[in-house]
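The values are calculated or read from the model by the stated rules, or taken from the named source; none is laboratory data. Treat the numbers as computed from the prediction; the structure is a model and nothing was measured. Positions of Cβ are generated from backbone atoms using ideal geometry, with glycine treated the same way; all protein chains shown enter the neighbour counts.
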Amino acid sequence: MKDAAFYVILTAALLAESGAAAAQDSAAGKAVFGKCQACHAVGTGAKNKLGPELNGLAGRKAGAVAGYQYSPALKTSGFAWDQASFAAFMQNPKTKIPGNKMVFAGMKDQAEIASLWTYFTRFNADGSSK
């Protein structure tokens, strides 16, 4: 019985630590988003700019934001955004989807990319926070 109580406490501590790490990654991602916000918006009231708004990005089909004029390359890319596809795209958008119109050269820091993804996954499609 004593061992069971230990594992309950340990599990709770690990979950709390995981939540704190996710919050820290999200905060770091919000800071990284400063590099993106000239062209993109996220959160309540986000609108398409030079690039599409990024609410509800996780699981969304690439090239699917209503009212945004995507390049044919992105519209027909045929994938949904997940952490792996996002990371590959952010490293070098022109290599991941040749012919897309994103002018950003890419991001080399994997920790920044991961934090940015964590930040984006906090937003539902309507811009509300999860």
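Check off (1) crowded, with 18+ Cβ neighbours inside 10 Å; (2) of a type in the set (G, A, S); (3) not in a helix (DSSP H, G or I) for G78 and give me the number that stays unchecked.
(1)
Restricting to the range 81-95, and then to whatever is within 15 Å of the chain's Cα centre (by Cα) and surrounded by fewer than 19 Cβ atoms within 10 Å (Cβ to Cβ), can you tell me which residue is nearest to K35 (Cα to Cα)?
Of the range 81-95, the ones within 15 Å of the chain's Cα centre (by Cα) are 81-91, 93.
When the remaining residues are screened for being surrounded by fewer than 19 Cβ atoms within 10 Å (Cβ to Cβ), the result is 82-85, 87-88, 91.
Details: D82: 20, Q83: 19, A84: 20, S85: 19, A87: 15, A88: 17, Q91: 14 Å.
Top of the filtered list is Q91.
Quick one: in the range 96-128, which of the residues that are basic (K, R) and over 23 Å from A27 (Cα atoms) is surrounded by the fewest Cβ atoms within 10 Å (Cβ to Cβ)? Don't jump to the end; show me each part of the working.
Initially, the range 96-128 is screened for residues basic (K, R), giving 96, 101, 108, 122.
Still in the list and also over 23 Å from A27 (Cα atoms): 96, 101.
Values: K96: 19, K101: 15.
Only one residue fits best here, namely K101.
Can you tell me which residues in the range 34-74 are among the basic types (K, R), touching a residue at least 60 places away in the same chain (Cβ under 8 Å) and in a loop (DSSP other than H, G, I, E, B)? Please lay out each step first, then the result.
First, pick out the residues of the range 34-74 that are among the basic types (K, R): 35, 47, 49, 60-61.
Imposing the further condition that a residue be touching a residue at least 60 places away in the same chain (Cβ under 8 Å) reduces the set to 35, 60.
Listed by number, the list holds a single entry, R60.
If you go through the range 51-62 one residue at a time, do you hit one that is in contact with a Ser or Thr (Cβ under 6 Å, 6 or more places away or on another chain) and modelled with pLDDT of 95 or more?
The initial filter retains those residues of the range 51-62 that are in contact with a Ser or Thr (Cβ under 6 Å, 6 or more places away or on another chain), namely 58, 62.
Within this subset, residues satisfying the condition of being modelled with pLDDT of 95 or more are 58, 62.
Within the range 51-62, one or more residues are in contact with a Ser or Thr (Cβ under 6 Å, 6 or more places away or on another chain) and modelled with pLDDT of 95 or more.
Looking at the range 92-104, which of its residues are over 14 Å from G51 (Cβ atoms) and not in a helix (DSSP H, G or I)? Give the steps one after another, and end with the answer.
Within the range 92-104, the first condition is being over 14 Å from G51 (Cβ atoms), and the residues that meet it are 92, 94-96, 98-99.
Of everything in the range 92-104, those that are over 14 Å from G51 (Cβ atoms) and not in a helix (DSSP H, G or I) turn out to be N92, P98, G99.
Condition check ((1) farther than 15 Å from A41 by Cβ; (2) of a type outside the set (A, V, I, L, M); (3) assigned to a helix (DSSP H, G or I); (4) in contact (Cβ under 8 Å) with a residue 24 or more places away in the chain) across all residues:
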site: S85; (1), (2), (3), (4): yes, yes, yes, no
site: M90; (1), (2), (3), (4): yes, no, yes, yes
site: W117; (1), (2), (3), (4): yes, yes, yes, yes
site: A125; (1), (2), (3), (4): no, no, no, yes
